[in-house]
Amino acid sequence: MEFEFPDRARLEGANDAELSDLPRAYRVSCVRDHPTVDDVTAASVDALADIPELDDLEPGSSVGITAGSRGIEVMPEVLEAIVSELQSRELEPFIFPAMGSHGGATPEGQRETLETLGVTAESVGCEIRSSLDVEQVGSDSTGRPVFAAEDALDADAVLLVNRIKLHTDFEGDVESGLCKMAVVGLGKQRGADNMHNAALDRGFHEVIPEWAGILVEETPIVGGVGIIENAAEEAAEIHGVAASELLEREPELLERSKEHFPELPVDDLDLLVVDAMGKEISGTGLDTNVIGRVRFHNQVEVDEPRITRIYVRSLTPASHGNALGVGLADLVHQDLASEIDFEDTYVNIVTSGETNRAKLPFVVPSDATAFVLSASMTGVASASDLRIARIESTMEPGELWVSEPVAEELDDREDIEVHDDGPWRFDEDGELAMEWD
């Protein structure tokens with residue numbers, strides 16, 4: 001989709017005088033301790049020792065291992081370590097995409113999504129089986145069917161692998177983690193669609209634990225490997241969880257993950273500029289816990305942070321045009337709008353069930369336009385008063401460019417370092433010309 005601006009000069013409105021009114025910019029960093037796993041391979045192998053059901057498998061048994069669509073830094077290394085260890089036990093592991101409707105809800109698209117994330121047969125050392133075929137394995141307390149992937153049901157054992165963290169749609173005892181991987185991942189597109197529809201009625205916090213319990217009983221799930229990340233997106237902890245302990249252990253691990261969750265160092269902004277949104281960054285493209293916006297049916301909005309306008313500059317290549325979550329923004333760059341694959345986005349939206357997150361925001365032709373327009377869209381008396389923060393993505397909210405009013409507020413904090421300052425710089429096309437390095 002191409003966007004034309006017939007009265008471009010007026011819409012841009014970004015003349016030198018208006019841009020010169022912007023407050024100075026300061027590059028700042030949050031200083032945090034980042035506990036990390038020293039040896040990811042060893043930690044992954046150790047995690048398998050906490051899943052006794054694996055010890056009961058006969059040589060030659062097949063083990064299906066889930067691989068999702070999120071950008072988890074250590075996932076290729078974790079999967080390779082698990083595959084190698086299982087092969088050393090004379091088992092036959094294989095990887096299968098477990099990502100609901102992502103990748104356009106096609107086997108080829110989901111395989112391509114894994115390749116984008118560095119997960120290939122060559123990198124992990126085993127076969128990748130990509131199919132969306134499912135079977136009904138049970139019904140929940142309301143009579144809704146629960147589905148599981150045929151690839152999982154054909155295996156002698158299934159091992160769930162996922163990151164454990166806050167979810168972007170809801171709060172509960174289990175959020176984004178192993179239980180969700182079972183319900184949405186093993187359910188493929190049909191199961192994910194059915195679960196989200198049930199959640200619109202009853203709430204995710206009720207549906208996911210119930211359905212995870214059904215899947216543990218009715219499929220060959222033997223357990224899972226849960227990754228907890230630090231605020232720098234590195235592995236802080238890796239845990240093995242037996243299937244019988246899944247619903248008990250995951251809430252404990254979720255609480256541990258909250259200790260490391262990255263967040264903005266400021267709660268009140270007129271304008272948040274996000275360089276990139278994308279599916280490997282968050283299931284909603286923008287992490288709702290970072291930006292303080294949920295906009296999901298029957299879910300309560302959060303109180304902080306309070307951000308008047310959000311401007312997003314680009315969509316990551318790994319999203320393959322899936323712009324679910326774009327409706328969380330107020331303004332987007334025309335390049336982002338032009339990259340949206342509405343078919344993929346709408347498939348994901350139909351599965352997740354919330355149309356607000358697919359609504360197209362105000363489209364602007366340049367970064368400078370977004371900055372100038374924000375002065376008349378936020379209620380500030382003068383552009384010089386704008387409270388602005390710029391981040392690379394919602395996965396990295398601890399590295400920022402901020403405007404002078406925000407910098408003054410952060411000045412006395414021991415956990416903040418100031419690196420550079422100067423005017424907000426734009427190139428001849430009105431695009432930001434301020435590097436992060």
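Filter segment 58-91 down to the residues that are at pLDDT below 95 and open to solvent by 30 Å² or more (accessible area, probe 1.4 Å), then identify the one that is farthest from Gly285 (Cα to Cα).
If we take residues in segment 58-91 being at pLDDT below 95 and open to solvent by 30 Å² or more (accessible area, probe 1.4 Å), then Glu73 is farthest from Gly285 (Cα to Cα).
From the list Glu218, Glu237, Glu245, which residue is of a type outside the set (Lys, Arg), touching a residue at least 24 places away in the same chain (Cβ under 8 Å) and surrounded by fewer than 19 Cβ atoms within 10 Å (Cβ to Cβ)?
Details: Glu237 fails: surrounded by fewer than 19 Cβ atoms within 10 Å (Cβ to Cβ); Glu245 fails: touching a residue at least 24 places away in the same chain (Cβ under 8 Å).
Matching residue, one of Glu218, Glu237, Glu245: Glu218.
If Pro397 satisfies all but one of (1) touching a Leu at 6+ places or on another chain (Cβ under 6 Å); (2) in a helix (DSSP H, G or I), what's the number of the condition it fails?
Exception for Pro397: condition (2).
List every residue pair whose Cβ atoms lie under 8 Å apart, where the two residues are 6 or more positions apart in sequence or sit on different chains, the first residue falls within segment 420-437 and is farther than 9 Å from Asp367 by Cβ, and the second residue, located anywhere, is among the aromatic types (Phe, Trp, Tyr) and part of a loop (DSSP other than H, G, I, E, B).
Going by the 8 Å Cβ cut-off, the qualifying pairs are Met434/Trp424.
Here is a list of conditions, (1) modelled with pLDDT of 90 or more; (2) closer than 22 Å to Gly109 by Cα; (3) of a type in the set (Asp, Glu), and Asp344 meets all of them except one; can you say which number that is?
(1)
For (1) crowded, with 21+ Cβ neighbours inside 10 Å; (2) outside any loop (DSSP other than H, G, I, E, B); (3) at pLDDT below 95, each residue gets a yes or a no:
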position	(1), (2), (3)
Glu255	no, yes, yes
Leu269	yes, yes, no
Asn289	yes, yes, yes
His297	no, no, yes
Glu301	no, no, yes
Ile307	yes, yes, no
Ala318	no, yes, yes
Asn322	yes, no, yes
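Kindly provide the set of residues from segment 324-353 that are surrounded by fewer than 23 Cβ atoms within 10 Å (Cβ to Cβ), in a loop (DSSP other than H, G, I, E, B) and touching a Phe, Trp or Tyr at 6+ places or on another chain (Cβ under 7 Å), ordered by number.
Correct list: Asp330 only.
The values are calculated or read from the model by the stated rules, or taken from the named source; none is laboratory data. All of these numbers come straight from a predicted model, not from anything done at the bench. Neighbour counts are summed over all protein chains in view; Cβ atoms, including those assigned to glycine, are modelled from backbone coordinates with ideal geometry. The protein model used for the area step is the full one, side chains on, heavy atoms only, and it has no ligands, DNA or RNA in it. Shrake-Rupley method; radii C 1.70, N 1.55, O 1.52, S 1.80 Å.
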